[in-house]
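Data block below; observations after.
Throughout, read-outs are computed from the coordinates displayed, never taken from laboratory work. The shown structure was predicted, so the numbers you read here are calculated from the model rather than taken from an experiment. Here Cβ is always computed from backbone atoms with ideal geometry, including for glycine, and neighbour counts include all displayed protein chains.
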Amino acid sequence: MTITETDNPRLPFLREKTSKLTTSPGCYIMKDKAGKIIYIGKAKNLRNRVSSYFRPWQDHLPKVWKMVSHVEDYDFIVTDSEFEALVLECSLIKQYTPKYNILLKDDKGYSYIRVTREPFPRLQAVLQKEDDGAQYIGPYTSSFAVKQAVAEANRVFQLPTCQRKFPQDFRKTRPCLNHHIKKCMGVCTGQFSEEEYNAVIRQAVDYIMGGSQQSVERLTEEMNAAAEALEFETAARLRDRIAAIKKAADDQKIFDDSMKDSDIIAIAQNSETACASVIMYRGGRLFDKADFFLGEKEDQSQMRESFITGYYSVRDAVPKEILLDEEIENAELLEKWLREKSGHAVHISTPRRGHLLRLTTLAKSNASEYLSLKVGRTGREIVALEELSKALGLPKPPRFIECYDISNLASSDMVAGMVVYENGRPCRKFYKRFSIKTVADQNDYACMAEVLQRRFRNYFEKTDEGFSTLPDLILLDGGQGHVNVITPLVRAMGIDVPIFGLVKDSKHRTRAVATGGGEISLTKSRAAFNLVTQIQDEVHRYAITYQAKKHQKSSYQLELTKVKGIGGKKAVKLMTEYKTREKLREATPEELAKTAGVSIETARELYKVIHS
């Protein structure tokens, strides 16, 4: 969005002031009409950075556009270096909390691990501590960490998670599937005494409290003692439990000795807003998780940098390792600031493979789920749009996607379908069908050109609500040729929307996305691939259904022309008036004669054909 003098009459003054600004590093402080600080930023070159807000041709994100439209004046503070500007920016934001800077608010509560009070206790993750005689471990500030820990302990020690009551339900029914696939020890079989089961519960609690390494050491001692006492069945069970813990340590995310002191940060966003998730490891174990709603989205790299400065400005403890889901421009600058703040070295990196990448993916998934609760969309939909945006090089995840497909039988009954997806979901009220009017022979390129021209003529004329919204992405069911034909046509109409083609394989399944100069594979972006496949299947279904319906109608019109005195135009007139066969059958000969403009004798003959 570009800013104009209509949006902010102060732009000429602001441009004039900025033209005389120094090129030194520093901070700039935007103020509104009341003199209130609404935004604080830093710059390596003050003149270049500040002038970018007020240029008449500058394309701004909605959040920045809104901020600039309220700027009455600004102050600035010159510093000796960009690093000093960063330190000053953090201090000023903390002091003034400007409206358009990222202000972090998380949803924090307390969670506990409950060991129920019963003969055969269960491990549960709960949000409140009650006076029920149960053992409570906690409190923890992260319900996420608690749920992960309980699920991991239940899995490793094969504890029951069903609704059965023990010992009341011993041997009443067959063991469930979890027992057969070795996810449950099978307490319901009655083979475990209360003493044996509670020993396992104690081991599970030790595992949660102390970690996998301490659990292995303690269980190894118990196994050796059981073997010396010739209790070989007990020793064998302990051996299997040790093996399960070691196996779990290879892929679980609760304990990780390589993550002694680390934060994993990821940001998820849809077309309008964003959310950050921070997963914290301390002492090699998952310590906490925090989610932050960031409000309106902005430039991805800038948004991550702003989040890091805001997040660690208000925290005394800074980890030695920070993992990010995406690279940032000023990583070295932030490392220096965090090093001076914490008194120890801090390393910021973006993993590309291995278990560190899995951790950033986990953080991304959590951010997506948190964002989905705020915007009423599933985490999968948010991830799919983000992946698609990244794969296609779009500036932001597309909110509105339009997809087009041509369907015909040779050169007859040529039609097109347009489907619309809003925030990753079908928006059927905006679906449109087109009957091709200007193309006589089979030519998919010419048909697609006609459809897009008609669609955007309607956009400019504002004659239909379904055409009134400009899409963020256009997909054509076709390859590189379709993109090369349609793109210049749409650009000539003044429409600057990204256009891509959808390429199918020999089995009519989605294979890749076509650009004007090649193809983009989505095989590594599974969520985006599934979304594109769904859109392509939907537009094909919609277009071919309309084509079949139209062909059926035209075939029926052809049947009507077999009556002497009924030509093509009169058949179309009849079908236009009565719409369906059923309505046509309800008409009397006199009504048919009047509609078609024929004699009563011809109308009676027509009546016989219709009812034959």
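Worth a mention:
- At an R0 of 41 angstrom, the distance between the Cβ atoms of residue 273 and residue 443 translates into a FRET efficiency of 0.40.
- Debye, to nearest 20: dipole size of segment 561-610, +1 on Lys, Arg Cβ, -1 on Asp, Glu Cβ: 240
- Here r is the Cβ-Cβ distance between residue 174 and residue 549 and R0 is 45 Å; the resulting FRET efficiency, rounded to 0.05, is 0.30.
- The lysine pair count for segment 396-551, using Cα distances under 22 Å and pairs eight or more places apart or on different chains, is 12.
- The slack in the chain from residue 147 to residue 433, taken as 0.36 nm per residue of separation less the alpha-carbon distance, amounts to 98.1 nm.
- Inter-label distance, nm, simple model (7 Å from Cα along the C-beta direction), residue 73/residue 599: 9.3
- Calculated mean residue ellipticity, 222 nm, the chain: -14500 deg cm²/dmol, from DSSP H runs (n ≥ 4) at -39500 (n - 2.57) each, averaged per residue and rounded to 500.
- Student exercise, the chain dipole from Lys, Arg, Asp, Glu Cβ charges, in Debye to nearest 20: 2060
- Dipole of the chain [Lys/Arg +1, Asp/Glu -1 at C-beta], most positive-end residue of 187, 268, 492: 492
- Within straight-line reach of residue 99, meaning a Cα separation under 16 Å, sit the following aspartates and glutamates at least 8 residues removed in sequence or on another chain: 32, 72, 73, 89, 296, 298.
- The Rg/Rh ratio of the chain, with both radii computed over alpha carbons and Rh defined as the Kirkwood radius, is 1.11.
- A simple charge model with +1 on the Cβ of Lys and Arg, -1 on the Cβ of Asp and Glu and nothing else charged puts the dipole of segment 11-96 at about 220 debye relative to its Cα centre.
- The residue among 95, 234, 611 whose Cα reaches farthest toward the positive pole of the charge dipole of the chain, with charges on the beta-carbon of Lys, Arg, Asp and Glu, is 611.
- Within straight-line cross-link reach of residue 165, aspartates and glutamates at Cα separation under 12 Å, skipping those fewer than 8 residues along the same chain: 118
- Förster-model FRET efficiency, 25 Å R0, residue 492 and residue 463, C-beta, rounded to 0.05: 0.75
- Between residue 41 and 28, 30, the built amide H atoms are under 5 Å apart, and every one of these is 5 or more places off in sequence or on another chain.
- On full extension, the segment bounded by residue 218 and residue 52 gains 53.5 nm, given 0.36 nm per residue less the C-alpha separation.
- Distance between the pseudo-spin-label points of residue 80 and residue 189 (7 Å out from Cα toward the beta carbon): 7.4 nm.
- Percent antiparallel among DSSP beta bridges (both partners in the chain, rounded to 5): 80
- Full extension of the chain between residue 44 and residue 96 yields a length gain of 16.5 nm, computed as 0.36 nm times the residue separation minus the alpha carbon distance.
- Taking a span of 18 Å or more along the helix axis (Cα atoms) and a mean Kyte-Doolittle hydropathy of at least -1.0 as the rule, the DSSP H helices of the chain that qualify are 82-96, 143-156, 194-210, 212-228, 232-251, 300-313, 354-375, 379-392, 444-461, 480-492, 526-560.
- Separation of the alpha carbons by more than 26 angstrom is noted, of 569/594; 260/390; 336/390; 33/63; 36/66, for 260/390; 336/390.
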